[in-house]
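First the structure, in the form of structure tokens, and then the observations on it.
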Amino acid sequence: MTLKSGSKIQKQIKLAVSEGFYYAERMGNSLRHLNALRAFEVAARQGSFAKAGTELNVSHSVISQHIKNLEHWLGCELFIRYGNRVELSEDGRKLQPQLANGFQVLTDACEGILRTSQKGTLTVSAEPALASLWLRRKITEFCVAFPKIEIELRPAWDPPQLGASHADMIVHFETRAPTKGARQHRLFPIDGFPACAPELLEQLRENGGMAGWLSVPLVHDNGREIWHQWFAAHEPELQSWQIGRVYSDLSLAIDAAVDGEGVILADNILCRKELDTGALVKCDDRVARCVWYTIAVAKPVSASSPLATFTSWMLEASADLR
């Protein structure tokens, strides 16, 4: 059939073609701003450009530029700036949940394929207390979700080298994790507060021992520095941190505190089980930042590798702890 120029059918075809090009162009423009959209979603969730940069491993200025480009493209302000502080504008609040849902759909789609196709073996070296009290359970959860990826967990106080025949990933104190040739990702901090067995707390209160911290028995984990930090922040005139039993491993120190040997600087992550069961109870609300745990992997890491998948999963699993 030959179409006459200017016929109704020909006009409909031209309109459909032109609309197709229009929507394809719109989609192309959207995809060109995919990094900016991701930067906005993280910044909106974190409520901070700096925190978004940390999560995405870019600088604060890169996040800021992405947001500016996105605002220019959309023709509206997504954040209201107050010096170094930002908050979502009305348009930003409208955009955030839709983008969050969209990125979750993309994540679920990709993970659904990766869980059945991605395979390999990873060696993870971790600080012993973290390995036994938190990381082991997380690795079990990961291996259930990604059954073709095997992970060998090796507790070690001294971090090994990164690379073949040593370790694919090191999870340790930030101050001990390797920096040369490595990329670090902050996992979560440990904020310690005094806790002890309930029986010991009752004895201390009866004897008035909690009032001045002069005769409170202490339990130390790997030296006396952590208690030193707490006393420096809250009881600087006292030297009581210099006494008490010292254990080389946090697991031993926790067991000693549960048995009533003394007061330990507990936390809501590694001591979660003992606090939930009542084996340890908080005896002072004052907190001191003890350490940051961090992930270190050798650079570069392929985005499609099992190591990249496990790193991303770990950061997501610990997001609420940061």
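Structural remarks
- Cα-based equivalent ellipsoid of the stretch 154-262: semi-axis lengths in Å, sorted from largest, via gyration tensor: 35, 15, 11
- Tilt relative to the chain, helix 225-234 - C-alpha long axis, 0 to 90 degrees, to 10: 90 degrees
- Most mobile of Leu130, Leu74, Leu270 in a GNM of the chain (Cα contacts under 10 Å): Leu74
- Amide H contacts of Leu187: Tyr293, Thr294, Ile295, each under 5 Å away and 5 or more positions distant or on a separate chain (H built 1.01 Å from N in the peptide plane; Pro and chain starts excluded).
- Volume of the convex hull of the chain (Cα atoms only), normalised per residue: 208 Å³.
- Å³ per residue enclosed by the Cα convex hull of the stretch 76-177: 175 Å³
- Within the accessible area of the chain, the carbon and sulfur atoms contribute 53%, probe 1.4 Å, all protein chains present.
- The peptide list 167-176, 35-44, put in order of mean Cβ contacts within 10 Å with the highest first, becomes 35-44, 167-176.
- At full extension, His228 and Ser59 could sit 57.4 nm farther apart than now, given 0.36 nm per residue minus the alpha carbon distance.
- Based on protein heavy atoms only, the stretch 134-280 ends up with 51 Å² per residue of surface accessible to a 1.4 Å probe.
- Among Lys180, Lys299, Lys148, the largest mean-square fluctuation in a Gaussian network model of the chain, built with springs joining Cα atoms closer than 10 Å, belongs to Lys180.
- For Asn222, the amide hydrogen comes within under 5 Å of the amide hydrogens of Tyr247, Ser248, Asp249, counting only partners 5 or more places away or on other chains and with H modelled in the peptide plane.
- Using alpha-carbon coordinates, inclination of helix 136-145 to the longest axis of the chain, degrees: 20 degrees
- The chain: most fluctuating residue of Ala109, Ala177, Ala145 per GNM, C-alpha cutoff 10 Å: Ala109
- Electrostatic dipole magnitude of the chain [Cβ: Lys, Arg +1; Asp, Glu -1; Cα centre; debye, to 20]: 2180 debye
- Integer Hz, Karplus 6.51/-1.76/1.60 couplings in order for the stretch 126-133, x for Gly and Pro: 9, 4, x, 5, 4, 4, 7, 9
- Local net charge near Gly47, Cβ-Cβ under 15 Å (Lys/Arg +1, Asp/Glu -1): +2
The values are calculated or read from the model by the stated rules, or taken from the named source; none is laboratory data. Remember, predicted model here, so these are calculated numbers, not experimental data. We place every Cβ from the backbone using ideal geometry, glycine too, and count neighbours over all the protein chains shown. SASA here: full protein model, heavy atoms, side chains in, ligands and nucleic acids out. Shrake-Rupley method; radii C 1.70, N 1.55, O 1.52, S 1.80 Å.
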